[in-house]
1. Out of everything in segment 56-82 that is farther than 22 Å from GLY139 by Cα and polar (S, T, N, Q), what residue ends up being surrounded by the most Cβ atoms within 10 Å (Cβ to Cβ)?
2. Give the residues of segment 246-260 that are surrounded by fewer than 16 Cβ atoms within 10 Å (Cβ to Cβ) and of a type outside the set (Asp, Glu), sorted by residue number.
3. From the list GLY252, GLY267, GLY313, pick out the single residue that is under 27 Å from the mean Cα position of the chain (by Cα), assigned to a strand (DSSP E or B) and at pLDDT 85 or above.
4. Taking segment 316-353 as the region of interest, how many residues are closer than 18 Å to SER248 by Cβ, out of contact with any Gly (no Cβ under 7 Å at 6 or more places or on another chain) and assigned to a strand (DSSP E or B)?
5. Look at segment 277-310 and say how many of its residues are surrounded by 15 or more Cβ atoms within 10 Å (Cβ to Cβ), small (Gly, Ala, Ser) and at pLDDT 90 or above.
6. Would segment 215-228 turn up any residue that is on the phi < 0 side of the Ramachandran plot, buried (at least 21 other Cβ atoms within 10 Å of the Cβ) and of a type in the set (Ser, Thr, Tyr)?
7. Take GLY231 and tell me if it is in a loop (DSSP other than H, G, I, E, B), surrounded by fewer than 17 Cβ atoms within 10 Å (Cβ to Cβ) and modelled with pLDDT under 95.
8. Which of (1) buried (at least 18 other Cβ atoms within 10 Å of the Cβ); (2) over 20 Å from the mean Cα position of the chain (by Cα); (3) closer than 13 Å to ILE228 by Cβ is the odd one out, the single condition ALA85 does not satisfy?
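The values are calculated or read from the model by the stated rules, or taken from the named source; none is laboratory data. Quick caveat, the model's predicted, so the values are computed rather than measured. Here the Cβ is made from the backbone with ideal geometry for all residues, glycine too, and neighbour counts use every protein chain on show.
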Amino acid sequence: MIKANRLLAFVLPTVLVAASAVPATADSTSVSNPPSTYVNANFGPPNPLFNFYRSRTTLDFDSATADVFARRSASEVRLSVSANADPYENSAAYSAYDIGRVNAGPGSLTSVTVQPESLFLSGTAHWAMNLWFDADQNGEYFVWQQNSPDHLLTLGGDQYSIGPCKSNPIQPPCQAQGDGTITIGPNTPLFIIPGCPGNTTTLAIINAGGCASIPANTPVAMWVGIDIANGTVGSGRAEIGTRGCRSSHGEGDAEGSDGHQHHAKFGGSDCDNSNSSVEDVDNNGHDFQSTSVESSTFSEDATGETVTMVGAGLDNGIPVAFTLVVIDVGVLGPSVYTLALSDGRTFVGTFITGDIALE
């Protein structure tokens with residue numbers, strides 16, 4: 001269903017599959033399950049030219065012949081769509097902005113993969129992936145009417161491509177659904193890009209400068225979701241883990257269990273700890289500096305978000321192992337800070353000033 005009203009989705013039985021979500025990698029040339037920026041939907045008549053919407057939180061549309069739902073959180077996207085001979089295209093999807101750059105030399109994006117935790121397709125429903133290109137490099141993909149939700153006005157100076165799709169049962173050109181893993185690799189065909197030979201290309205061609213409409217160092221967004229062509233019958237639902245690489249950073253003053261004031265600074269990532277560090281200096285002459293961070297792990301519960309960092313460092317010049325735990329309780333109170341060193345020195349307190357972020 002390569003046609004005008006499918007521009008972005010937009011795009012182009014019954015199986016339930018389960019799989020572990022793969023976080024976005026630290027290597028920008030290959031990305032898996034990138035964190036969501038928006039959820040998207042096709043629904044209803046054109047408004048005014050396209051029936052395509054986006055939201056930072058939830059989209060929920062229904063009519064007598066169609067139902068579309070998409071919701072995002074920091075760690076997951078939930079999608080569901082059904083249509084019974086609805087006169088308009090319907091889709092539920094998510095988009096991830098700035099997942100990499102193309103035509104950018106050795107660091108160019110070469111692969112994008114999404115593996116859903118669960119996927120159900122029936123009838124004409126397709127599970128599909130597209131790429132969007134910020135070709136005018138203005139920091140936005142296409143032109144939107146800012147509203148609640150936003151709706152698409154024009155493509156502006158940007159480009160899009162229609163990538164692979166999966167269906168159950170197989171509906172060419174889509175492949176068999178399988179476990180739902182869908183990938184655009186270096187040589188995956190990408191369709192409808194003006195300025196590329198035959199309006200068809202690949203990431204390899206784009207990265208070699210083979211598409212005049214996609215200049216050097218163009219940022220890329222990904223769209224992935226379930227699409228149902230107008231006038232057909234189908235349904236689908238999906239859950240996708242989109243945790244991506246989590247990071248933490250903070251700096252401020254803390255006071256607590258040892259009666260001294262501490263100035264603490266930390267930063268960590270659960271994908272790459274090569275630049276992670278922890279520092280703690282108090283007003284009683286103690287100075288701790290990490291020399292390496294082995295791991296940064298994140299968790300969430302009803303009380304807040306927690307980062308735990310483990311590694312080695314120097315406490316007043318003496319080699320020690322350390323464990324740092326920071327709990328961000330949000331509006332419930334100040335962040336809790338615990339630093340335990342293998343030489344027996346431990347501090348438990350709360351931040352009284354500063355900025356703490358667990359992302």
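1. Across segment 56-82, the extreme among qualifying residues is SER82.
2. Residues satisfying the conditions are SER257, GLY259, HIS260.
3. That would be GLY267, the only listed residue that is under 27 Å from the mean Cα position of the chain (by Cα), assigned to a strand (DSSP E or B) and at pLDDT 85 or above.
4. Number satisfying all stated conditions: 7.
5. The total comes to 2.
6. yes
7. Spelling it out, it is not the case that GLY231 is in a loop (DSSP other than H, G, I, E, B), surrounded by fewer than 17 Cβ atoms within 10 Å (Cβ to Cβ) and modelled with pLDDT under 95.
8. (1)
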